[in-house]
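What follows is a single structure, written as structure tokens, with notes after it.
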DNA sequence: TCGACATTCAGCGATCCTGCTGAATATCGT
DNA sequence: ACGATATTCAGCAGGATCGCTGAATGTCGA
């Protein structure tokens, strides 16, 4: 068993994995990434057929998980991807790929 | 945007990410992995304080996602980890880590 | 200041998920 | 065959999640 991880980090795992468990949220990350790493909320919402209010909530989940951050620019909000956080998933996965 | 992926693969993403979204299921994978890659259902269930029936269902979710497979050996079922499937997650993540 | 725009907040019904309990199935040892 | 063991199946209640709609907030241009 791997060494005990901190409570904070466990919660982070929880948030990140849960965030990634929804296809729309994974698509958001992809869309933002392939748009150069940042996109306004409206641009992101336009990718989906959902009501934008629905997308708003997905954005909040992603931000709470630390996978996105946002910045206000005038009347629009620019969301930026936070790839550092995806490293958490990578760290978790790496257990299974390294041969001891 | 990455090239169109097959329907089957999209469903696989869905299954794998959803399976990983629950802490208990991530722990199952860890437990099995650090036990050498295989474990009986009972051994896995004993790791948790849940009723074993609850663990059974988690095992089914993991198996449906292709992350575990099982084999009967007498009256017990041996679950084996299927690390190949975790590569799917790795593939998805790799988009964000390769600099084009 | 007024109206248009960009976005979030609040709350609703439908559905899904989790953990539980009780019953069923299958195998082993005697 | 019988009881003990190992595990799954079936169904239920509580809670979370999703997508929707309607209203609110904040900002820009005239």
Quiz item: Taking the label point 7 Å from Cα in the Cβ direction, how far apart in nm is residue A:12 from each other copy of itself, listed shortest first?
Solution: 3.0
Quiz item: Which whole-number percent gives the relative contact order of chain A, counting Cα pairs below 8 Å spaced six or more residues apart?
Solution: 29
Practice problem: Can you tell me the 0 to 90 degree angle between the C-alpha axis of helix A:23-34 and the longest principal axis of chain A, rounded to 10? | Solution: 80
Quiz item: How many partner chain Cβ atoms sit within 10 Å of a residue's Cβ in peptide A:89-95, on average, as a whole number?
Solution: 5
Exercise. Measure nothing but the geometry: give the 0 to 90° angle between the long axis through the Cα atoms of B:52-64 and the longest principal axis through the Cα atoms of chain B, rounded to 10°.
Key: 30
Quiz item: What area, in nm² and to one decimal, does the C-alpha convex hull of the protein assembly as shown cast on average over all directions?
Solution: 13.1
Quiz prompt | For residues of A:48-59, the mean tally of beta carbons on other chains within 10 Å | solution = 0
Exercise. Can you list the distances in nanometres, one decimal and ascending, from the residue B:63 label point to the identical position in each other copy, with the point 7 Å along Cα to Cβ?
Key: 4.3
Quiz prompt | Where rotation carries B onto A, the chain B residue whose Cβ is nearest that axis, in whole Å | solution = B:21, 2
Quiz item: What is the helix-to-structure angle for A:83-97, meaning the angle in degrees between its Cα long axis and the longest Cα principal axis of chain A, kept from 0 to 90 and rounded to the nearest 10?
Solution: 30
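Full-extension gain between residue A:77 and residue A:27, please, as 0.36 nm times their residue separation minus the C-alpha to C-alpha distance.
Residue separation times 0.36 nm, minus the Cα-Cα distance, leaves 16.2 nm.
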Quiz prompt | Exam field: residue A:23 pseudo-label spacings to other copies (7 Å along Cα-Cβ), nanometres | solution = 2.9
Practice problem: Mind ranking B:73-82, A:11-20 by how tightly packed they are, going by the mean number of other C-beta atoms within 10 angstrom, highest first? | Solution: A:11-20, B:73-82
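Just so you know, all these numbers are worked out from the coordinates, no wet-lab data involved. Nothing here was measured: the structure is a model prediction, and the numbers come from that model. Methodologically, a virtual Cβ is constructed for each residue, glycine included, from the backbone with ideal geometry; neighbour enumeration extends over all protein chains shown.
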